Amino acid sequence: MGNFVRGMLVKQLEEFKKKGVAQAARNLPASTAIVPDTNETEIITDARGYINESTSGYLANLANIDRQANNFTNEIDNVKATCSAEIEQNTIEPSFNAILANHSNSLISVQEEELIARAQLEGFKHKHGLQRSAKYPEDNLHHFSLLILFVAIETAVNAFFYEAQSGGLLGGAVIALAVSVVNMGIAVFFGIFFRHVHLNDSKQKLIGYSSILSFIMLAVVLNLIFSTFRVQFALIADSSDQVQLGKAFLISTKEAFGVFTLHFPSVDFMSFILFFVGLGCCVVGFYKGYTIDDSCPGYGDLDRRYKEAKNEFEAKREVAINDLKRSLDQKIRDIEKLLTNVLDLQRKVAALKAEALNSQAEYSANIDTIQSELDLLIKAYRDSNSAVRSVSQPSYFTERVSVLPETDYSEKLNALIKKIDDVTLQSKQMQDAHGKSLNDIKINRQQEITELYTNGIPKFFARIVSDAEANIAKNSHE
């Protein structure tokens, strides 16, 4: 049948008038009839159906409002219990300590690593009389990029000089690359070991000074060998003959070592340039080896280890503080939520009462409209019938047909309104009892959190340092 909408019955008015006239033409209903005929019965049945549907909907609304009132009662009890718990909790310091305690073990562990690394670093500085910070390249690839550039330059120069004697530019490049790699690789090697002159140990200093002397001699000799080899290489009839190549290299080596007896090899201008290019590249390689790390061997490793431990501790410290901040902020939000709930409950309960009254008013208006439209239809039907029929009308034509419910359910509504009023009173009493207290607690919590951040956190991390030092001392005696 569907829900009733104003006008659903009265729209049949003209049709009902016609039905009344048609029945009157046959003098129906009979003058002796005591109950409505089928036409009236049909529309009465429809009206009662609409009334029943409206009543069912109204009662369902009241039941739903009653459930909401019960839910609000339970919610008020829960909010009151939570408010009481918040009020009884005088301080949040236990929560503060508990949150930080969850991070204590990991913080102590990394603090130990930092303290040990710092102690090793400071001990190394004291042992070797270092007052400066460690200096080393942050990126070794970037550090050696200049060296790679010089290898390329030396290779290009050597390839040009060897091109004619090696069967073309490609052959010269192969020889030149090998020369460059050996030349600069040895320079880097000695540059690394020259750093040992900065250590206080006499043996280490000897290694360092030996490295610089060895570098100077080898740089000169090797580059003399490479430059004189170019001259000897040019004299070889067949550059693929290994025997001739071996003899040429031996001659170049002998002439190169002749400088130590003041017998300088005879070279052309191109070989002379090749010698100084190679020597310059050696110096660059030596410098890159010397600066591959801090000039004092071991200092860079200890400094990096200390910085890594320090960064790890700072990262874990930040995690702990963020966790603390998130938890304490949540406590403030919980109190704000309680305050909001206390205020919202009164508004919700007031809206619930209005909903119940509106539902009753809508129901009353609806059933009155159904009855009015039914009255209009039946009157039109009977009037049109009486005007045409030739015999007297049935006696029931003067009687009103009522489809209104036997009860208006006012008792049910009044009981529900009383329950809602009781809930309203409870919510008001809760607001009076806890509203101001919650607001005071929120202010106190915020002040306490500020105090804990200012003093509590430094004290906590001071204990972390103290516990880490105690663990280090304990482990050193075991």
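Which trypsin sites (Lys or Arg not before Pro) does the stretch 12-110 hold that lie in a coil by DSSP with at most 12 other beta carbons within 10 Å?
R26
If I model a spin label as a point 7 Å beyond the Cα along the Cα-Cβ vector, how far apart are those points for R67 and Q446 in nm?
The two pseudo-label positions are separated by 4.0 nm.
Accessible area per residue for the stretch 341-385 in Å², computed with a 1.4 Å probe and the full protein assembly in place, what is it?
43
On a straight-distance basis, which aspartates and glutamates could pair with K348 in a cross-link, Cα separation under 19 angstrom, same-chain partners fewer than 8 positions away excluded?
D66, E75, D77, E336, D421, D422, D432
I need the calculated FRET efficiency for the pair T291 and Q429, taking r as the beta carbon distance and R₀ as 60 Å, to the nearest 0.05.
Result of the calculation: an efficiency of 0.15.
What FRET efficiency would be calculated for the residue pair D323, V388, taking the C-beta separation as r and a Förster radius of 60 Å, to the nearest 0.05?
Step by step, r from the Cβ atoms, then E = 0.05.
On the accessible surface of the stretch 259-408, probed at 1.4 Å, how many percent belong to carbon and sulfur atoms?
C and S fraction of accessible area: 56 percent.
Find the all-direction average of the projected area of the Cα convex hull for the stretch 51-145, expressing the result in square nanometres with one decimal place.
With the hull built on Cα positions only, its mean projection is 17.8 nm².
On a 20 Å Cα-Cα criterion, which of the cross-link pairs K135/K288; K19/K379; K353/K418; K135/K316; K80/K337; K337/K419 come out too long?
With Cα atoms farther than 20 Å apart: K135/K316; K337/K419.
At 0.36 nm per residue, minus the direct Cα-Cα distance, what do E93 and K127 gain on full extension? Give it in nm, one decimal, please.
Computed gain between E93 and K127 is 7.6 nm.
Quote to one decimal, in nm, the extra length available between T407 and A354 on full extension: 0.36 nm per residue of separation minus the C-alpha distance between them.
16.9 nm
Under a 1.4 Å probe, what is the accessible area of the stretch 1-80 per residue, stated in Å²?
Here the residues of the stretch 1-80 average 56 Å² of exposed surface.
What full-extension length gain, to one decimal in nm, is calculated for E362 and K474 as 0.36 nm per residue of separation minus the Cα-Cα distance?
32.0 nm
Test of understanding: express the Cα radius of gyration of the stretch 310-393 as a ratio to 2.2 N^0.38 Å, with N the residue count.
2.94
Across 5 Å bins from 0, what is the distribution of all Cα-Cα pair distances for the stretch 268-424, in whole percents?
1, 6, 6, 6, 5, 5, 5, 5, 5, 4, 4, 4, 4, 3, 3, 3, 3, 3, 3, 3, 3, 3, 3, 2, 2, 2, 1, 1, 1, 0, 0
Considering only protein heavy atoms and a 1.4 Å probe, what is the carbon-and-sulfur percentage of the accessible area of the stretch 180-227?
78
Label points 7 Å out from Cα along the Cβ direction at S466 and V10: separation in nm?
8.9
Decide, for the stretch 364-440, between rounded, prolate and oblate: order the square roots of the alpha carbon gyration tensor eigenvalues as a ≥ b ≥ c, take rounded if a/c falls under 1.5, and otherwise choose prolate if a/b is larger than b/c, else oblate.
Prolate shape, in that a/c is at least 1.5 and a/b is the bigger ratio.
The values are calculated or read from the model by the stated rules, or taken from the named source; none is laboratory data. Note that the coordinates shown come from a computational prediction; the quantities given were computed from them, not determined experimentally. Note that we place each Cβ from the backbone using ideal geometry, even for glycine, and neighbour counts take in every protein chain shown. These area figures cover heavy atoms from the full protein model, side chains too; ligands, DNA and RNA do not enter into them. Shrake-Rupley method; radii C 1.70, N 1.55, O 1.52, S 1.80 Å.
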